[in-house]
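The block underneath contains the structure these notes are about, expressed in structure tokens.
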């Protein structure tokens, strides 16, 4: 039996509009379970509430109505069990890549900083090797390309070995070719880490290529209009797949759902 890390039941979220003062309904009646070890992608039209749903799942935004159930210890130990990546790397510019990566350990060291950081160094070495950043560990963020900065942010995310990772359009500002390269690398890294992932994206093909499961949100007020399990195994996720007729047909199907959701 697959264990759910998070379960949402009948979630409703509204915001007060600054101009009108009226309540803007964003999420309406969301039912969703995030199981262990799954890569879940969230698709939907712009402004439908994808990022809002991500914040509810992460415990950063309480819903107006409905129930959020987290696995025991997931929310209370959020700093070690959950991690989040944003559209921009958010690296501290005055710290090296190594220092940025080790920052989570230093912040929660509680007077035992050296011991905690030493315990993380081996994992850091492995992650730098996995992301191709071994020779850039002492570089500052501005010395790296945008794609390399995203890899560095991913190292910082994974170094705590979280059970659950939230990604809010992390490749949105990167050119298409680099985005595809990062997608392949990211998929390998996530498979190696065995962390569950909730991934918000505007890219239909990116969602289909990376995920085990895709949910599609309707226009606002959003509900889930489709919940699709992607059948491709990890070895099949390569550049050949992007040209496969069945894969392209699935992308067309997702596009059709989004257009008429």
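The values are calculated or read from the model by the stated rules, or taken from the named source; none is laboratory data. Source: prediction; values computed, not measured. FYI the Cβ positions are ideal-geometry reconstructions off the backbone, even for glycines, and counts take in every protein chain you see.
Kindly indicate whether any position in segment 131-144 is modelled with pLDDT under 90, part of a helix (DSSP H, G or I) and out of contact with any helix residue (DSSP H, G or I) (no Cβ under 8 Å at 6 or more places or on another chain).
No: zero hits.
Might you check whether a residue that is exposed (fewer than 15 other Cβ atoms within 10 Å of the Cβ), farther than 30 Å from residue 134 by Cβ, modelled with pLDDT under 85 and touching a strand residue (DSSP E or B) at 6+ places or on another chain (Cβ under 7 Å) occurs anywhere in segment 30-39?
No - not one qualifying residue is present in segment 30-39.
How many residues, within segment 58-78, are under 29 Å from residue 144 (Cβ atoms) and surrounded by fewer than 19 Cβ atoms within 10 Å (Cβ to Cβ)?
The total comes to 2.
Failed condition for residue 177, given (1) farther than 18 Å from residue 43 by Cβ; (2) in contact (Cβ under 8 Å) with a residue 60 or more places away in the chain; (3) part of a helix (DSSP H, G or I), with all others met?
Only one criterion is unmet by residue 177, namely (2).
Could you check how many residues of segment 15-51 are touching a residue at least 60 places away in the same chain (Cβ under 8 Å) and outside any loop (DSSP other than H, G, I, E, B)?
Qualifying residue count, segment 15-51: 18.
Test each condition in (1) assigned to a strand (DSSP E or B); (2) surrounded by fewer than 16 Cβ atoms within 10 Å (Cβ to Cβ) for residue 11 and report the one that comes out false.
(2)
Just checking, does segment 199-218 include any residue being touching a residue at least 40 places away in the same chain (Cβ under 8 Å), more than 18 Å from the chain's Cα centre (by Cα), in a strand (DSSP E or B) and surrounded by 18 or more Cβ atoms within 10 Å (Cβ to Cβ)?
Scanning segment 199-218, I find no residue that is touching a residue at least 40 places away in the same chain (Cβ under 8 Å), more than 18 Å from the chain's Cα centre (by Cα), in a strand (DSSP E or B) and surrounded by 18 or more Cβ atoms within 10 Å (Cβ to Cβ), so the answer is no.
Select, from 81, 55, the only residue that is at pLDDT below 90, buried (at least 16 other Cβ atoms within 10 Å of the Cβ) and within 28 Å of residue 3 (Cα to Cα).
Just one listed residue meets the conditions, 81.
Just to be sure, is residue 241 touching a helix residue (DSSP H, G or I) at 6+ places or on another chain (Cβ under 6 Å), without any contact (Cβ under 8 Å) to a residue 40 or more places away in the chain, crowded, with 17+ Cβ neighbours inside 10 Å and more than 30 Å from residue 76 (Cα to Cα)?
no
How about segment 40-51: which of its residues are surrounded by 20 or more Cβ atoms within 10 Å (Cβ to Cβ), closer than 16 Å to residue 220 by Cα and under 13 Å from the mean Cα position of the chain (by Cα)?
42, 43, 50
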